[in-house]
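What follows is a set of notes on a single structure, which appears directly below.
The values are calculated or read from the model by the stated rules, or taken from the named source; none is laboratory data. As the structure is a computational prediction, the values presented were derived from the model and not from experiment. Cβ sites come from the backbone with ideal geometry, for glycine too, and all protein chains shown count toward neighbours.
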Amino acid sequence: MLLSNDHADQMADAIPDALRAGVDTRQPLTRVDTVTAVDKTEAQWVTRVRAIAENQDQKAFAEVFRHFAPRVKAFLIKSGADESLAEECMQDVMATLWHKAHMYDPARASVATWIFTIARNRKIDLLRRYARPEPEELDWGPQAEPDQADVIALQEDSSRLADAIKKLPEKQRSLIERAYFGDLTHSEIAAETGLPLGTIKSRIRLALDRLRHAMS
Amino acid sequence: MNDIRHHISDDLLMGYAAGALPQAFDLVVATHVSLSDDARARLAGFESLGGAVISHMDEAEIEEDSLERTLEKIAGMAPAPKPQPSDGIFPAPLRDMVGGDEDAVRWRSVGMGAKQAVLHEDKDASVRLLFIPAGQAMPTHSHRGTEVTLVLKGAYHDEEDRFGRGDIEIADQDLHHTPVAEEGEDCICLVATDARLRFDGLLPRIAQPFLRI
C-alpha cells in the first residue's frame with residue numbers, strides 16, 4: 001500500500017507540469033506561434049492524402065512516404081519485428097495507405113493516427129498471424145464531405161495531444177509508448193515493473209485523463 | 001444505437017487500440033464498437049495516442065529503393081474492397097467471423113434449448129456465441145479470468161442489472177452470476193473469456209449447470 005501511495009504522490013506531482021504544458025499551448029500568443037505551425041503540418045498531410053485519393057498523386061505520396069515510412073519502420077522494429085520484416089511490413093503499410101486513401105476521414109483521425117491503425121493491423125497480420133477484426137465502417141454516404149471546422153479542430157487536437165505526450169514525465173511517456181508497441185499487456189507491464197497491477201492501470205488512466213484534460 | 005447503457009471499459013479499448021488483446025477479445029471489442037458511437041469515439045481517442053507515438057518515433061533507416069518497391073507493390077495490389085456494412089443482427093466483424101448472420105451459425109446444443117458455437121479458441125482466450133431461449137437461465141458459472149459478454153439479440157437480467165442489445169457486461173473471477181434471458185425474445189450473446197470457464201471442457205460439465213436449473 002505504501003508503495004502505491006508513493007507512486008500516487010509521484011503521479012500527483014507530475015500532473016501540474018503536464019497540465020501547464022497543455023494549457024501553455026492554448027495561451028493566445030503561443031497558440032499563434034506554435035499550434036498554428038503544427039496544424040499547418042497536419043493540414044498538409046491531410047491535403048496530400050486527399051491528393052493521393054483523388055488524383056493518384058505520386059508526388060504527394062512520395063512526400064508522405066519520406067516523412068512516415070522511416071517512423072512506421074521504427075515503430076515496427078520497436079514492436080518486435082526484425083529489420084527485414086519491418087521493411088517489408090512498412091512497404092505494405094504505405095501501399096495500403098495508397099489504396100485506402102479514399103477511406104481516410106480527416107474529421108476522425110490525423111494522418112499519423114490513421115497510419116498508426118494501418119501499421120498496427122498489418123503488424124498483427126504478420127507477427128500474430130491473424131486478420132484482426134475491425135469495427136464496421138461508418139458509411140457517411142457520398143455527399144458527406146467532412147465539415148471543414150471539424151477537420152481543423154480534430155487536427156488541432158491531434159497536434160496538442162502529440163505535444164502533451166512529449167511533455168509527459170519520461171516514465172509515463174515510456175509506459176504509453178510500450179503499450180502501443182503492443183508487446184506488453186497490462187499484466188505484463190506490472191510483472192516487469194513489479195508494481196501492483198492496479199497502480200499501473202490507474203497510472204495509464206491518469207496519463208490519459210490528463211491528456212484529455214489538456215485537450216479540452 | 002443510443003440505448004446502450006453498459007459500456008466497455010477503457011482498459012479493453014486501449015488494449016484494442018494498442019493491438020495487445022487476445023484475438024477473442026478483439027472480436028468482442030470490434031463488434032461492440034460497431035454498435036456504439038460512444039465506444040467508437042473513445043477508441044478513436046486511444047488510437048490518437050498511437051498516432052502521437054508514431055509521430056515521435058526516431059526515424060529508422062529505410063532501404064534505398066524502398067519507395068520504388070512500394071510503388072511496385074501499389075501497382076500489383078488489388079484496390080481495397082468496399083467494406084460491406086451488415087444488414088443483419090451481427091455487425092460486420094462478427095458476420096465475417098461467422099460467415100453470415102444468425103442463420104449461418106453452426107450451433108451445438110448444450111441442453112434445455114440452449115446452444116453455443118465456439119468461434120475461436122487459443123491459449124490466451126476463447127470466444128463463443130451463446131443462444132438462450134426466452135425466459136431461460138444461462139448456465140451458472142464462475143470464471144478464473146475475465147469474461148466479457150456482449151448482447152446481440154434479446155436481453156438478459158442477472159444479479160447486477162438488465163443487459164440489452166449492444167450492452168457489455170464485464171465479469172471478473174469474483175462474480176458468480178446467473179443471467180436469465182428476458183421473456184418474449186430469445187437471447188444471443190457473444191462471450192469472450194480469457195481463461196477457461198469452469199463449466200468448460202467435457203460435455204457433462206457443460207450440461208450440468210443447465211440441468212440444475
Of the candidates B:Pro85, B:Pro81, the one satisfying the condition of being more than 9 Å from every other protein chain (Cβ to nearest Cβ), free of Cβ contacts under 8 Å to residues at least 12 places away in the same chain and within 21 Å of A:Asn121 (Cα to Cα) is B:Pro81
Scanning the stretch B:92-112 residue by residue, the ones that are away from chain A (no Cβ under 13 Å) and on the phi < 0 side of the Ramachandran plot total 10
Counted residues in the stretch B:53-80 being over 34 Å from the mean Cα position of the chain (by Cα) and hydroxyl-bearing (Ser, Thr, Tyr) come to 2
Of the conditions (1) crowded, with 19+ Cβ neighbours inside 10 Å; (2) more than 7 Å from chain A (Cβ to nearest Cβ); (3) under 19 Å from A:Glu63 (Cα atoms), the single one that B:Ser36 does not satisfy is (3)
When the stretch B:7-66 is checked residue by residue, the ones that are under 26 Å from A:Ser174 (Cβ atoms), touching a residue at least 60 places away in the same chain (Cβ under 8 Å) and of a type in the set (Ser, Thr, Tyr) are B:Ser9
Given the criteria touching an Asp or Glu at 6+ places or on another chain (Cβ under 8 Å), assigned to a helix (DSSP H, G or I) and at the interface with chain A (Cβ under 8 Å from one of its Cβ atoms), does B:Ala30 qualify?
yes
Of B:Gln136, B:Gln84, the only residue that is out of contact with any Phe, Trp or Tyr (no Cβ under 7 Å at 6 or more places or on another chain), of a type outside the set (A, V, I, L, M) and under 16 Å from B:Asp186 (Cα atoms) is B:Gln136
Residue hits (the stretch B:46-75; at pLDDT below 90 and more than 7 Å from chain A (Cβ to nearest Cβ)) are B:Phe46
When the stretch B:91-124 is checked residue by residue, the ones that are out of contact with any Leu (no Cβ under 7 Å at 6 or more places or on another chain), free of Cβ contacts under 8 Å to residues at least 60 places away in the same chain and part of a strand (DSSP E or B) are B:Arg108, B:Ser109, B:Lys115, B:Val118
Scanning the stretch A:75-118 residue by residue, those small (Gly, Ala, Ser), within 8 Å of chain B (Cβ to nearest Cβ) and in contact (Cβ under 8 Å) with a residue 12 or more places away in the chain turn out to be A:Ala86, A:Ala109, A:Ser110, A:Ala112
Within the stretch B:2-21, of all residues that are under 13 Å from the mean Cα position of the chain (by Cα), of a type outside the set (Phe, Trp, Tyr) and in a helix (DSSP H, G or I), the one nearest to B:Val148 (Cα to Cα) is B:Leu12
Check: Before we move on, is A:Thr34 part of a helix (DSSP H, G or I), modelled with pLDDT under 95 and within 14 Å of chain B (Cβ to nearest Cβ)?
Finding: no
